[in-house]
1. Is it the case, given these coordinates, that residue 253 is open to solvent by 40 Å² or more (accessible area, probe 1.4 Å) and touching a helix residue (DSSP H, G or I) at 6+ places or on another chain (Cβ under 8 Å)?
2. Looking at this structure, is residue 244 charged (D, E, K, R), modelled with pLDDT of 95 or more and within 22 Å of residue 17 (Cβ to Cβ)?
3. For segment 267-281, indicate whether the set of residues that are open to solvent by less than 100 Å² (accessible area, probe 1.4 Å), under 26 Å from residue 155 (Cβ atoms) and either over 22 Å from the mean Cα position of the chain (by Cα) or of a type outside the set (Lys, Arg) (or both) is non-empty.
4. Residue 167 - would you say it is surrounded by fewer than 17 Cβ atoms within 10 Å (Cβ to Cβ) and at pLDDT 95 or above?
5. What single numbered condition from (1) open to solvent by 60 Å² or more (accessible area, probe 1.4 Å); (2) within 16 Å of residue 14 (Cβ to Cβ); (3) of a type outside the set (Lys, Arg) fails to hold for residue 246?
6. Residue 184 is checked against (1) open to solvent by 80 Å² or more (accessible area, probe 1.4 Å); (2) away from the ligand (no atom under 16 Å from the Cβ) and fails just one. What number does that condition carry?
7. Could you grab me the full set of residues in segment 166-192 that are in contact with a helix residue (DSSP H, G or I) (Cβ under 7 Å, 6 or more places away or on another chain), polar (S, T, N, Q) and not in a helix (DSSP H, G or I)?
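The values are calculated or read from the model by the stated rules, or taken from the named source; none is laboratory data. Since this is a predicted model, take the numbers as computed values, not measurements. In this analysis, Cβ positions are derived from the backbone assuming ideal geometry, glycine residues included, and neighbour counts consider all displayed protein chains. To get the accessible areas, we keep the full protein, side chains included, count just its heavy atoms, and leave off ligands, DNA and RNA. Shrake-Rupley method; radii C 1.70, N 1.55, O 1.52, S 1.80 Å.
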Amino acid sequence: MNILMCINNGYVHPAINLMYSIRQYTECDIDLFILSTGLNDNSLNELQKKLEAISINVHTYISKDIDMELNIGNNHYSVDMFLRILSFGILPKNIEKILYLDADIIALDNIELLYNQNLGNKLLGVVEDIKGSSNKNAEYIKTINIQHKYFNSGVMLMNLSAIRKEWDIKKIKDYIFHNSSKYRYPDQDMLNVLCSNKQLQFLDIKFNYQIRHNESIDIDNVVILHYVDRLKPWNVFIIKPHEKLFWENYKLIKSKELYRIRKCFLKKRLIGKIRKVLHLK
Ligand SMILES: [Mn+2]
């Protein structure tokens, strides 16, 4: 099974956590492809070591100057997330199919169920985005002008051989170059615009169950749980039951790193709140 993640240093531990959760449910061969604009040596070594321990082969592709090429500028989104759109041109040509996963995700069942979905000639297997069905975002989504259901780009089964036939790497780079500041969720909106209805295979919600901090969940059927809120399990004050699942899995990794990151984040937030109350800048 080929898995793709596009991460920077900040997401190395959530990524390790995700791979451990996947390994809980499957013994199949896993090749993990990491695309990044840069990972420091410590992060990279840790990633390799922790994943080797659960028999996952890691392949890293660093695209250092891609932000200049794509003109992302001051956009507060990380450049790394655009790499998923370009993956068809970066990854070796013999990779015909790959499962792209965000790092704010854990598996609760065997993801081979998802990997083995038949896409035929379609480019992507995706799940509808929950924001797309809320009133607040429906108006905005109308403005990006798509003829299909708005999908979430955090989980995508990618038919790379079909994509290579349809997309041209230079044209896609140009498109990102000229449009990255136009959209609210740039990479996701662009992927929605780039695909027509007949190029998409919509999959069951259980393959990308999008949960927000304040929601409750019945996890019986869920294969992939996606923490879509801006606040991730490692930066919320109070851990809800679905976030507990994340931390229970993290125990397997035997590392203190994510606990440390959480502590730093909460401390910063607390100081921010105190300064606000005291009207300090
Ligand atoms: Mn996500």
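1. Details: open to solvent by 40 Å² or more (accessible area, probe 1.4 Å): no; touching a helix residue (DSSP H, G or I) at 6+ places or on another chain (Cβ under 8 Å): yes.
In short, no.
2. Numbers: charged (D, E, K, R): yes; modelled with pLDDT of 95 or more: yes; within 22 Å of residue 17 (Cβ to Cβ): yes.
For residue 244, the condition - charged (D, E, K, R), modelled with pLDDT of 95 or more and within 22 Å of residue 17 (Cβ to Cβ) - is met.
3. Of all residues in segment 267-281, those open to solvent by less than 100 Å² (accessible area, probe 1.4 Å) come to 269-272, 274, 280.
With the extra rule that they be under 26 Å from residue 155 (Cβ atoms), the set shrinks to none.
Within segment 267-281, not a single residue is open to solvent by less than 100 Å² (accessible area, probe 1.4 Å), under 26 Å from residue 155 (Cβ atoms) and either over 22 Å from the mean Cα position of the chain (by Cα) or of a type outside the set (Lys, Arg) (or both).
4. Values: surrounded by fewer than 17 Cβ atoms within 10 Å (Cβ to Cβ): no; at pLDDT 95 or above: yes.
So residue 167 fails the test.
5. It is condition (1) that residue 246 fails.
6. (2)
7. Result: 180, single match.
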